[in-house]
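Below: one structure, written as structure tokens.
Read the figures in this text as sums done on the coordinates, not as results from a lab. The structure displayed is predicted, hence computed values, not measured ones. A quick note on method: Cβ atoms are made from the backbone with ideal geometry, for glycine too, and the neighbour counts reach across all protein chains shown.
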Amino acid sequence: MIALFTDFGLHGPYTGQMKAVFHQMAPDVPVVDLFADAPAGNPKASAYLLAAYAAWFPAGTVFLCVVDPGVGGERPPLIVEADGRWYVGPGNGLFELVQRRAGTLRRWDVTWQPERLSASFHGRDLFAPVAAMLARGDAPPGRTRTDASDRRSDWPDDLAEIVYIDHYGNAMTGLRAAALPAGSGLAASSRTLERARTFSDLPVGTAFWYENSNGLVEFAVNQGRADRALGLSVGSSVSIVA
Amino acid sequence: MIALFTDFGLHGPYTGQMKAVFHQMAPDVPVVDLFADAPAGNPKASAYLLAAYAAWFPAGTVFLCVVDPGVGGERPPLIVEADGRWYVGPGNGLFELVQRRAGTLRRWDVTWQPERLSASFHGRDLFAPVAAMLARGDAPPGRTRTDASDRRSDWPDDLAEIVYIDHYGNAMTGLRAAALPAGSGLAASSRTLERARTFSDLPVGTAFWYENSNGLVEFAVNQGRADRALGLSVGSSVSIVA
Amino acid sequence: MIALFTDFGLHGPYTGQMKAVFHQMAPDVPVVDLFADAPAGNPKASAYLLAAYAAWFPAGTVFLCVVDPGVGGERPPLIVEADGRWYVGPGNGLFELVQRRAGTLRRWDVTWQPERLSASFHGRDLFAPVAAMLARGDAPPGRTRTDASDRRSDWPDDLAEIVYIDHYGNAMTGLRAAALPAGSGLAASSRTLERARTFSDLPVGTAFWYENSNGLVEFAVNQGRADRALGLSVGSSVSIVA
């Protein structure tokens with residue numbers, strides 16, 4: 001299975017062209033759209049989101065990841081194998097948390113080159129073919145990487161920021177709920193919110209936080225929009241209240 | 001074939017994770033996105049939309065339906081077979097019209113339990129696996145249902161409200177055109193509109209109603225947006241003018 | 001492979017119903033969403049976008065193209081084979097540039113009729129079945145076309161207008177970069193912009209134009225939105241500055 005994690009949007013021609021590459025190079029491999037609206041141009045917030053959601057997928061999944069504001073510039077194209085899952089994309093920090101949390105880890109610089117590489121769409125021309133090769137079982141088309149310039153040792157283990165707002169207005173953070181001290185409250189927009197198990201445990205209109213279905217701390221309002229109620233957007237800071 | 005009917009949006013990780021379940025459990029079954037923007041948190045409006053659109057699909061189709069504002073709460077998880085089509089989702093009224101209009105009907109309470117059930121995403125953890133089992137030909141993983149607590153006998157046979165606004169601004173109602181008296185006008189936002197066959201039969205800019213391609217009464221404006229022209233949104237009332 | 005080029009949006013039931021037709025009639029053929037947000041109701045702008053993007057796909061691809069403000073009216077349903085690629089859709093100019101730029105060209109009027117043709121959704125009832133037939137290798141279900149009423153000889157070879165705004169705010173024109181004199185500037189919204197190779201070659205916030213990954217002239221701002229910075233929307237005129 002190939003899973004797409006990009007900031008391309010589903011509309012427009014970008015995701016479709018990458019899928020056309022997969023259909024030609026790895027026709028029997030199913031493809032799922034995981035995120036097409038990862039934090040735009042923001043590899044840091046994306047890195048926390050990716051690590052939380054990739055962990056749910058089975059070993060062998062190939063994640064094609066493109067949040068790449070520097071396309072055409074100097075960041076290296078990477079292949080990472082972490083806990084049996086494969087990741088292909090730009091070496092701009094996007095894989096930092098996946099790597100940091102991995103039990104087993106291997107890394108390659110992509111050395112394969114397409115016949116024609118556009119300046120602006122490496123997702124289609126470089127990363128998608130490499131993902132297709134991995135998904136059909138080819139050896140990684142690269143050279144073992146020793147350079148750590150893509151690592152971001154200064155980023156925290158958990159990110160106390162909003163990293164995603166979903167269709168319902170729920171606001172996900174880069175914090176893993178399991179990493180919080182028991183009984184923690186969370187403050188967002190100068191309000192302290194209590195933890196609940198899920199939506200239906202609270203009166204309609206109540207704001208709370210809960211552990212979402214992929215383990216992240218998420219702000220929500222029962223039958224309402226937490227982003228509007230709490231004034232949250234991607235990048236908003238939150239803080240842990242002991 | 002599995003058809004998805006949800007209020008999840010196509011963006012974000014929800015639909016992709018359900019498709020990942022299908023690829024693992026029922027890899028040869030095609031999946032189509034029917035609605036990812038069913039009326040959010042509104043099982044009643046969704047029920048009329050689902051009944052109209054499901055009727056177009058062939059027998060054997062499995063509809064995975066998640067419009068579930070009470071996720072984590074008390075509504076029962078159901079399997080319904082109506083006229084040879086299968087429906088999986090919450091027993092909150094979402095299947096009321098499908099059941100009421102069915103020639104043949106069987107019902108089960110889902111008894112299968114996943115190893116791990118998140119509190120907030122039964123679509124992925126419970127309903128998608130059950131839909132995959134049905135789609136690959138397994139017997140319904142449940143117990144014949146006799147309880148009628150999911151039925152909504154007080155809901156009308158046709159709903160005189162807007163249940164969906166499409167990409168063009170066309171406004172669908174929960175009324176079946178075939179159920180209207182011949183020559184009926186329809187009033188929306190204190191204007192009475194006449195029936196037309198299709199867009200190109202009328203001058204540009206004219207508002208009208210017509211029987212849409214799935215049999216519902218729909219308000220439209222030739223090369224314009226009916227939602228803006230008539231001030232309509234999901235939940236707006238309409239009335240039949242004899 | 002079938003590629004979808006429509007103005008339907010991905011949300012709502014339209015694309016899903018066409019895919020359900022493909023799954024039933026051509027179950028082994030992969031389908032990709034190329035554009036679901038082609039210029040709405042605008043076959044002219046769409047024609048330049050389609051010609052640029054279709055050229056990237058391999059011979060044998062079937063493009064199902066529905067930008068059809070006259071659905072239900074008099075425009076003829078067409079099949080076009082141009083340079084080994086197939087196109088199915090309304091004869092309203094949508095295929096003008098594909099045909100004009102083709103080395104080899106064959107044309108048919110669709111003569112196949114569905115059992116039931118809705119007045120408003122020929123994409124599902126007529127065009128999708130015809131595309132499925134072509135994709136599975138059937139002979140074109142039509143009659144060789146000699147009528148040129150669908151041709152638009154008065155349209156230019158390249159269109160100096162914005163034809164698409166993408167998710168990032170980049171603004172594509174209907175101009176092929178290769179057709180511009182060397183050293184051309186381009187004026188949009190009374191500003192003249194210089195050419196760059198790609199985003200990362202310029203300071204953050206700088207507006208420029210470049211040849212996009214499918215050969216079109218595109219306005220962009222490094223880590224910004226060109227549509228807002230330059231006040232551009234679909235239909236905005238641009239001009240070449242020698």
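Assorted remarks:
- Region A:169-242: relative contact order as a whole-number percent, Cα under 8 Å and 6+ apart: 42 percent
- Restriction of the GluC sites (Glu not before Pro) in region C:42-129 to DSSP coil positions whose beta-carbon has at most 11 other beta-carbons within 10 angstrom yields C:E74, C:E115.
- Anchor B:K19: lysines whose Cα lies under 29 Å away (excluding residues fewer than 8 positions away in-chain): A:K19, A:K44, B:K44, C:K19
- The mean number of partner chain beta-carbon atoms within 10 angstrom of a residue's beta-carbon across peptide A:21-34 is 4.
- For B:G142, nonlocal amide neighbours, meaning residues 5 or more places apart or on other chains whose placed amide H falls under 5 Å from its own, are B:T111.
- Descending semi-axes in Å of region A:1-134, equivalent ellipsoid built from Cα gyration tensor: 19, 16, 15
- Remark: label point of B:S190 defined 7 Å out from Cα along the Cα-Cβ vector; separations to the same position in other copies 4.2, 4.2 nm, ascending.
- Shortest-first nm distances, A:G60 label point to equivalent points in other copies (7 Å, Cα→Cβ): 2.7, 2.7
- Cα-based convex hull volume of chain C per residue, rounded to whole Å³: 130 Å³
- Integer Hz, Karplus 6.51/-1.76/1.60 couplings in order for region C:145-152, x for Gly and Pro: 9, 10, 5, 9, 5, 7, 6, 10
- Diffusion constant of region A:53-128 at 25 °C, which comes from Stokes-Einstein with the Kirkwood Cα-pair radius and 0.890 mPa s, µm²/s: 191 µm²/s
- Each copy carries a label point for A:D28 at 7 Å from Cα along the beta-carbon vector; from one copy to the others these points are 1.3, 1.3 nm apart, nearest first.
- Length-normalised contact order of region B:54-137 in % [C-alpha pairs under 8 Å, at least 6 apart]: 32 percent
- Taking only the Cα atoms of the protein assembly as shown, the ratio Rg/Rh comes out at 0.96, with Rh defined as the Kirkwood radius.
- Cβ nearest the rotation axis (A onto B), residue from chain A and distance to the nearest whole Å: A:L10, 3
- Lys, Arg +1 and Asp, Glu -1 on Cβ, resulting dipole of region B:125-207 about Cα centre, debye, nearest 20: 140 debye
- Each residue of region C:116-126 was assigned a 3J(HN,Hα) from its phi angle through the Karplus curve 6.51 cos²θ - 1.76 cosθ + 1.60 (θ = phi - 60°); the sequence is 9, 10, 5, 6, 10, 9, 5, x, 6, 8, 10 Hz, with glycine and proline shown as x.
- Region A:1-106: antiparallel DSSP beta bridges as a percent of all, rounded to 5: 40 percent
- 3J(HN,Hα) from dihedral phi, region C:13-26, Karplus parametrisation 6.51/-1.76/1.60, rounded to Hz, x for glycine, proline: x, 6, 5, x, 5, 5, 5, 5, 4, 4, 4, 7, 9, 9
- Taken residue by residue and averaged, Cβ atoms of other chains lying within 10 Å of the Cβ of C:49-61 number 1.
- Rel. contact order, % - alpha carbon contacts under 8 angstrom, at least six apart, chain A: 17 percent
- Peptide-level mean, for A:111-124, of C-beta atoms on other protein chains within 10 Å: 3
- Relative to the dominant Cα principal axis of chain A, helix A:43-54 is inclined by about 90°.
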